[in-house]
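Student: Quick one: the structure is below, questions incoming.
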């Protein structure tokens, strides 16, 4: 069954040569070839204002220029987020984007004013997090306990109801051979074709 996929590229460097962009493009190619609909958001092309406080987050509206992104998130069946690991977690650009669209009224809601646990509004959606890094992926998983990605999965995506959240980590990217990179791109095409 064809799915609606939201593909988010969270690399702050606009260079088209970045591996994150190649991985995202390969995923999109595989998905579209298989008949899925893909909406791509390259965050470096968007004006993402920072939140200024709790009142802004709780009561403010999604900025008008990010409203299409929030609508695409709500309409999607599957979300793919591609980013490089920076200081053990996602770049600030991606975090700022998520703060703007994963807000009350869009991604979750409180059952009663100021009381109780919030209810996720994005239930029924799945996600894949694709991360590139300079260290071996196994070291990040075992030694660093996957902490930055675990935070994204548990505290943001699962919190708003998105599950399952699958992960694909590519380590030692600077030293990777062309053959290895080609294998990664093919893996992304296959994942895209299955909307996984």
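Where a number appears in this text, it was derived from the coordinates with a stated rule and is not lab data. Being a predicted model, the structure only gives us computed values, none of them experimental. In this analysis, Cβ positions are derived from the backbone assuming ideal geometry, glycine residues included, and neighbour counts consider all displayed protein chains.
Student: Could you calculate the FRET efficiency of residue 123 with residue 172 from 1/(1 + (r/R0)^6), where r is the beta carbon distance between them and R0 is 22 Å, rounded to 0.05?
Tutor: Working: r = 36 Å, r/R0 = 1.65.
Rounded to the nearest 0.05, the efficiency is 0.05.
Student: Report the gain in length on full extension from residue 141 to residue 67: 0.36 nm times residue separation, minus Cα-Cα distance, nm rounded to one decimal.
Tutor: Values: separation 74, 0.36 × 74 = 26.64 nm, distance 3.46 nm.
Stretched fully, the residue 141-residue 67 segment lengthens by 23.2 nm.
Student: Roughly what angle does helix 19-33 make with the longest principal axis of the chain, taking Cα atoms, 0 to 90 degrees, to the nearest 10?
Tutor: The answer is roughly 80 degrees.
Student: Modelled label-to-label distance, residue 194 and residue 86, 7 Å Cα→beta-carbon offset: nm?
Tutor: Computed distance between label sites residue 194 and residue 86 equals 3.2 nm.
Student: Which distance in Å, rounded to a whole number, links the C-alpha centroids of the stretch 1-55 and the stretch 91-170?
Tutor: Centre-to-centre distance over Cα atoms comes out at 15 Å.
Student: For n ≥ 4 DSSP H runs only, could you compute -39500 (n - 2.57) per run for the chain, divide by its residues and tell me the 222 nm figure to the nearest 500? If you can, show how the numbers build up before the last one.
Tutor: Working: 7 runs with 67 residues, N = 196.
That comes out to -10000 deg cm²/dmol.
Student: Hey, in the GNM for the chain with a 10 angstrom Cα cutoff, which one of 26, 72, 61 fluctuates hardest?
Tutor: 61
Student: Find the percent of Cα-Cα distances in the chain that exceed 28 Å, and round it to a whole number.
Tutor: On the way: 4550 of 19110 pairs.
So the pairs more than 28 Å apart make up 24 percent of the total in the chain.
Student: Can you compute the modelled spin-label distance between residue 17 and residue 55, with each label point 7 Å from Cα toward Cβ, in nm?
Tutor: 4.8
Student: Highest GNM mean-square fluctuation, the chain, Cα pairs closer than 10 Å: which of 21, 67, 145?
Tutor: Of the options given, 145 has the highest mean-square fluctuation.
Student: Going by C-beta contacts inside 10 Å, put 29, 64 in order with the fewest on the left.
Tutor: In order of increasing Cβ crowding within 10 Å: 64, 29.
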